[in-house]
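K.L.:
After the structure tokens below, expect a handful of questions from me.
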Amino acid sequence: MRNHGLQTLLRLARWRLDEARKALAEKEQRLALLWSHDGELARRLERERMQARGAFHQASFAAFATRIKQERHRIAEQAHALEAEIEAERDELRDLFAERKRIEILAERRAAEEEAALAREEQAMFDEVGLRRHEGPSAL
């Protein structure tokens, strides 16, 4: 059973792939939350702009708008950094998937080789029994 070591490697590869998928999903969720927050800020800015009609409101709106724009800029920077991390994680996920697939193929080949070897041994045993029967009762 040389396949036992491969089965262990396969379990490890599957676990690593699952963990990478979880980490990627977590980062994608964080990215969605960042962009959602950015959208909320944009809508809030637009609402405040509509309400700021008087001179008094215009002065306070300018400070508010500046603060919102800075916050949106910070969110965009975080989102772009997270997008780069996500792309790197996707590359890693592709590599892990390819590794798992290679191990699966190797395990299948080894299993087929072991099955073929077992079939050859069994056939050799049957051939031996057949030869002995063919030689007659004295050969048994």
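The values are calculated or read from the model by the stated rules, or taken from the named source; none is laboratory data. This one's a predicted model, so the numbers in the text were calculated from it and none came from an experiment. Backbone-built Cβ (ideal geometry, glycine too); neighbour counts: all protein chains shown.
K.L.:
Mind listing whichever residues of region 43-57 are surrounded by fewer than 12 Cβ atoms within 10 Å (Cβ to Cβ) and not aromatic (Phe, Trp, Tyr)?
P.N.:
Arg43, Glu46, Arg47, Met50, Gln51, Arg53, Gly54, Ala55
K.L.:
Of the residues in region 1-31, how many are among the polar types (S, T, N, Q), closer than 30 Å to Leu118 by Cα and out of contact with any Lys or Arg (no Cβ under 6 Å at 6 or more places or on another chain)?
P.N.:
Residues that pass the stated criteria total 2.
K.L.:
State all residues of region 1-37 that are of a type outside the set (A, V, I, L, M), surrounded by 14 or more Cβ atoms within 10 Å (Cβ to Cβ), more than 30 Å from Gln70 (Cβ to Cβ) and under 19 Å from the mean Cα position of the chain (by Cα); if no residue qualifies, say none.
P.N.:
Hits for region 1-37 are Arg14, Arg16, Arg21.
K.L.:
Name the residues in region 58-80 that are exposed (fewer than 14 other Cβ atoms within 10 Å of the Cβ), under 40 Å from the mean Cα position of the chain (by Cα) and either of a type in the set (A, V, I, L, M, F, W, C) or not in a helix (DSSP H, G or I) (or both), would you?
P.N.:
If the condition is that a residue be exposed (fewer than 14 other Cβ atoms within 10 Å of the Cβ), under 40 Å from the mean Cα position of the chain (by Cα) and either of a type in the set (A, V, I, L, M, F, W, C) or not in a helix (DSSP H, G or I) (or both), then Ala76 is the only one that fits.
K.L.:
Determine which member of the set Glu83, Glu114, Glu89 is free of Cβ contacts under 8 Å to residues at least 60 places away in the same chain, charged (D, E, K, R), surrounded by 10 or more Cβ atoms within 10 Å (Cβ to Cβ) and in a helix (DSSP H, G or I).
P.N.:
Glu83
K.L.:
If the requirement is being within 30 Å of Ile103 (Cβ to Cβ) and modelled with pLDDT under 95, which of these qualifies: Leu24, Leu45, Leu9?
P.N.:
Step by step, each of Leu24, Leu45, Leu9 is checked, and only Leu9 is within 30 Å of Ile103 (Cβ to Cβ) and modelled with pLDDT under 95.
K.L.:
Same structure, new question: Which condition from (1) in contact with a helix residue (DSSP H, G or I) (Cβ under 7 Å, 6 or more places away or on another chain); (2) more than 26 Å from Leu10 (Cα to Cα) is the one that Ala23 breaks?
P.N.:
(2)
K.L.:
Filter region 45-60 down to the residues that are touching a Phe, Trp or Tyr at 6+ places or on another chain (Cβ under 9 Å) and either closer than 28 Å to Glu85 by Cβ or not charged (D, E, K, R) (or both) and list them by number.
P.N.:
Passing the criteria: Leu45, Gln51, Ala52.
K.L.:
Regarding region 117-139, can at least one residue be identified that is more than 30 Å from Arg30 (Cβ to Cβ), in a helix (DSSP H, G or I) and in contact (Cβ under 8 Å) with a residue 40 or more places away in the chain?
P.N.:
no
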